[in-house]
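Remarks on the structure that follows.
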Amino acid sequence: GVGLSLVLGFGVAYACYYLNSIAKKPQLVASNDRFCRFLEEYCPVVTETYYPTIWCWEGRVQTLLRPFITSRPQVQYRNELIKTEDGGQISLDWFDNNDSSYYPDASTRPTVLLLPGLTGTSKESYILHMIHQSETLGYRCVVFNNRGIAGEELLTPRTYCAANTEDLEAVIHHVHSLHPSAPFMAAGVSMGGMLLLNYLGKTGRDTPLMAAAIFSAGWNVFESVESLEKPLNWLLFNYYLTTCLQSSISRHRQMLEKLFDMDLVMKARTVREFDKQFTSVMFGYRSIDDYYEDASPCRKLKSVGIPVLCLNSVDDVFSPAHAIPVETAKQNANIALVLTSCGGHIGFLEGIWPRKCTYMDRVFKQFVQAVFEHGNKIFSM
């Protein structure tokens, strides 16, 4: 009896703590009242209470467990390799959704361009879930795999970075030229979101994209790497991510050795060291600080010229809360930030056993559907 009373007492206390301190409505930051009303009506998930998985709500835990917990929907891709002006090639994975009953005409079927994270490809579970959500709505998807990481050969000694948007510009132009009459938008995750934001900041309104969705972007690279270099974060994330970066280039060593001291690159133990020896050198920056300044989307947010919804969790160690550009976002009527109290980095787990759908998936689905089906109500902003 005493044991049961203790268990019940702990359970009640934990439930009270969870409901009062963990489960909260996200903070919606947007200066444009029309954009806010649009989201409230057609993307209501951003105004509803987010209930993180009750046994797994802490940011680091969500980040670590998501790849192992969430399911991996089956997706059949059609691969396409496109050439770049410098002689390289980019791998695109298409989900054509030719069985779409909502949009049987392929020429006008809405298209979503998906950008994975730093070492991610079209095989990532979060990408597969986005495609699954798009499939139910009848949309077509195409995944932009960064150079050299999706199994294709590296034809030139060049990979990718968050600041250089040339490959993304080529992909957007290519996809739009294939389906010029189809509504077109993009969604980027983590570094993919950073790259997309940097592109939008560069192009303003001069883009075929109608809108964009950004998930778990690192807004200020200086703050991101500093957070990731704290002892616990280095142990849990930084070292592993660095080895992933090294692994992604090791199979292209013969090509890259023409320009880089690969032995030195492979000795890096942090993302900062890798970027100093490899990424910043590859793209011609005088220093790693110059590269990180150019790669930080917070510097370009004022210039974004199309509607963009950005989801971040304030407990994301990859993008610290104090580095999220809330005040800058308020100065651009095209930007809406959705900030949750929990969720980690590309986590956003919810439900007792969060295998099939995350909060991020629901935000993606509702926003993409809102843009394609009701977008005319915000494009006159």
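The values are calculated or read from the model by the stated rules, or taken from the named source; none is laboratory data. Keep in mind that this is a model prediction, so the values were computed, not measured. As a convention, Cβ positions derive from the backbone with ideal geometry for all residues, glycine included, and neighbour counts pool all protein chains shown. Please note that ligands, DNA and RNA were not included when accessible areas were found on the heavy atoms of the full protein model with its side chains. Shrake-Rupley method; radii C 1.70, N 1.55, O 1.52, S 1.80 Å.
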Hey, with R₀ at 35 Å, roughly what FRET efficiency would residue 123 and residue 14 work out to, going by the Cβ-Cβ distance, to 0.05?
0.45
Estimated FRET transfer efficiency when R0 is 22 angstrom, pair residue 24-residue 226 (beta carbons, to 0.05):
0.25
Would you give the gap between the C-alpha center of segment 38-115 and the C-alpha center of segment 246-310, rounded to a whole Å?
25
In the chain, what percentage of the DSSP-assigned beta bridges are antiparallel, given to the nearest 5?
40
So how compact is the chain: Cα radius of gyration and Dmax in angstrom?
20.8, 75
Solvent-accessible area per residue for segment 221-294 at a 1.4 Å probe radius, Å²?
55
What residue among 11, 204, 138 shows peak mean-square fluctuation when the chain is described by a Gaussian network model with Cα springs under 10 Å?
11
Dipole size in debye (nearest 20) for segment 17-150 around its Cα centre, Lys and Arg Cβ +1, Asp and Glu Cβ -1?
360
Förster radius 35 Å - calculated FRET efficiency between residue 82 and residue 327, Cβ distance, rounded to 0.05
0.35
By what distance, in whole Å, do the Cα atoms of segment 221-294 stretch along each of the three principal axes, largest value first?
35, 24, 15
Nearest 20 debye, what's the magnitude of the dipole of segment 221-294 about its Cα centre given +1 on Lys and Arg Cβ and -1 on Asp and Glu Cβ?
400
Can you list the trypsin sites (Lys or Arg not before Pro) in segment 224-323 that are in a DSSP coil and have 10 or fewer other beta carbons within 10 angstrom?
258, 286
Highest-MSF residue in the chain out of 174, 129, 345 [GNM, Cα springs under 10 Å]
174
Out of every Cα-Cα pair in segment 173-257, what percent are more than 14 Å apart?
75
Ignoring ligands, DNA and RNA, what percent of the accessible area of the chain is carbon or sulfur (1.4 Å)?
54
Cα-based shape type of segment 73-133, given that a ≥ b ≥ c are square roots of the gyration tensor eigenvalues and the cut on a/c is 1.5:
oblate
Taking the chain as a Gaussian network, Cα atoms linked when under 10 Å apart, which of 215, 274, 367 shows the biggest mean-square fluctuation?
274
